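Q: Following this message is one structure expressed as structure tokens.
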Amino acid sequence: MSFKPHIWDQLRNITADGLINALIKDSWTEDTKVGASRAYIKGSARVTVHYHPKKTFGAKLLQHLLADIGWSEEDMKRLKLIK
């Protein structure tokens with residue numbers, strides 16, 4: 001999944017709390033919680049977020065998480081992750 005540079009500039013500062021809140025707003029439900037890993041499901045899709053409060057994700061990890069989640073640019077605007 002490839003986003004424009006101005007989108008990545010906004011996403012690179014997203015924290016685990018911000019991503020989890022957006023997942024919950026988008027009707028994902030928590031499946032399991034083991035240590036620092038939290039799994040969320042929506043339909044048949046599943047994503048695991050490594051939870052460390054107030055920490056941001058590296059570029060590669062964030063790219064893979066967003067690909068697994070499947071949000072489009074419009075979805076991220078609706079969830080107020082980007083402007």
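Q: Compare the peptides 12-23, 29-40 by average per-residue count of other Cβ atoms within 10 angstrom and give them in order, highest first.
A: Per-residue Cβ counts within 10 Å, averaged per peptide and sorted highest first, yield 12-23, 29-40.
Q: If you don't mind, there's one more thing I want to ask. So what's the net charge close to residue 23: Lys and Arg +1, Asp and Glu -1, counting the other residues with Cβ under 14 Å from its Cβ? Don't skip to the answer; put the middle values down first.
A: Working: positive: 25, 33, 38, 42, 46, 78, 80; negative: 17, 26, 30, 31, 68, 75.
Net of charged neighbours comes to +1.
Q: In this model, which of 33/83; 60/80; 4/33 are farther than 25 Å apart at the alpha-carbon?
A: Beyond 25 Å: 33/83; 4/33.
Q: Determine the dipole magnitude for the chain: charges of +1 sit on the beta-carbon of Lys and Arg, -1 on that of Asp and Glu, nothing else is charged, the reference point is the Cα centre, and the result goes in debye to the nearest 20.
A: Numbers: 14 positive and 9 negative charges, 43 e Å.
Around 200 debye, computed over the chain.
Q: Once you order the gyration tensor axes a ≥ b ≥ c over the Cα atoms, which shape class does the stretch 5-78 get: rounded for a/c under 1.5, otherwise prolate or oblate by comparing a/b with b/c?
A: Oblate, because a/c is 1.5 or more while a/b does not exceed b/c.
Q: Once fully extended, how much extra length lies between residue 74 and residue 32, figured as 0.36 nm per residue of separation less the alpha-carbon to alpha-carbon distance? Write out the running numbers ahead of the final one.
A: Values: separation 42, 0.36 × 42 = 15.12 nm, distance 2.81 nm.
My answer for the length gained is 12.3 nm.
Q: Cα axis of helix 16-25 to longest principal axis of the chain: angle in degrees, 0 to 90, nearest 10?
A: Long axis of 16-25 versus the principal axis of the chain: about 80 degrees.
Q: With an 8 Å Cα cut-off and a minimum separation of 6 or more residues, compute the relative contact order for the stretch 5-78 in percent.
A: Relative CO of the stretch 5-78 lands at 30 percent.
Every number here is computed from the coordinates shown, using simple stated rules; none is lab data. Treat the numbers as computed from the prediction; the structure is a model and nothing was measured. Virtual Cβ from ideal backbone geometry, glycine too; neighbours counted across all protein chains shown.
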